[in-house]
Each structure stands twice: as C-alpha cells, then as structure tokens.
Amino acid sequence: MLSACASNNFRPVSDAPVRIGRPYIVGGKTFVPAPDPSYDMLGVASWYGNESGNRTANGERFRAKWITAAHTTLPLPTYAEVTALDTGRRIIVRINDRGPFVTGPRIIDLSRGAAEQLGIRESGHARVRVVRVEPSEKDRDRLRHGKPARELPPVREDVLQNLRAQLSKAGL
C-alpha cells in the first residue's frame, strides 16, 4: 500500500520545508520569490479548478475543492487572508502554487473551493485585499486537510470604502 502512495510522486501536504525558490521566467517576465512577512496588497483575484489532480508548484497534488491559492512570489506554503472588497467577506487560504501569470491587476488565483467560500465563483473574479497571516495551528491543520479555516467576521463598511477608494485611485 505504501508503494502505491509513493509512486504518484506528489509531495505530502506539509508546512515544512518552506520553499522560496529561484527566480523564474513565465511569458518573458521574471518573478523573484522572496519572504515578505508584511505582504499586504490590493488587486484582483480569479479562480482556477480544471487542473485538479495536477501537481502544484509546491509538489503537492492540486485539489480544486480545497481552500488553496497560487501566488507568483510568496514562499510555498504561505497563509493569506483574502478579503472580497465588494462584500467584505474574508477567508484564510494556503498558498501552495504559482500564478497568476497574466498581464493586469491579478495578484492571486484561488482554487474553486476558495472561490466558493469567498463567494466569487459565479463572477470568476473579484477586487480583493491579500494579507499574509500566521493562522493558528488549528486553522493550519484544517487547511492542510482540505477543510476551511475558522469563519472570519466581515470587514466593516468604512474600512471597505477606504480600500475601494485606494483601488479606484490606482485605476482598478
């Protein structure tokens, strides 16, 4: 039975070791992975789900229903809080893949499960805030086993208005 598990060559879901990775080029653009403990960015999120069963950049099996995400430069894995700026809904995701690799304001790709939990699956994309976080071990364990982290209260309307104004000033 163990040999059957080993033959798939997928890395077990684990938070160790954390991998930063070497600089890499996609579509002529160079990405330089780096630790960024204070990462806090506004932009657009999209979601992907047809890759189920494929290997993530972290070496794990991609599972579309899990609450995971892809980011171009944060270490793998990293945990992030993603806030949908239209609704104030917030979730914690486990970043275990690379992307998005498109021109424009997209800063994170969510798994189908994460998009559903955040409430953006139907629209396909959303204006978001992404903040690197250090969740509790209980939340980490839940995410490593395909379950969502604890539910977070929505962001206050005055904070959302401020974040939306910042996005508007940036032309998004």
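Summary table
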item	result
The chain: Cα Rg divided by the 2.2 N^0.38 Å rule of thumb	1.02
Cα centroid separation - the range 116-172 against the range 81-96, whole Å	1
Kirkwood-based shape ratio for the range 1-96, expressed as Rg/Rh from alpha carbons	0.99
At 0.692 mPa s and 37 °C, Stokes diffusion of the range 72-172 via Kirkwood alpha-carbon radius, µm² per second	231
Cα-based convex hull, the range 111-170, per residue volume (Å³, whole number)	112
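Quick note: the coordinates plus some simple rules give every number you see, no bench work behind them. Quick caveat, the model's predicted, so the values are computed rather than measured.
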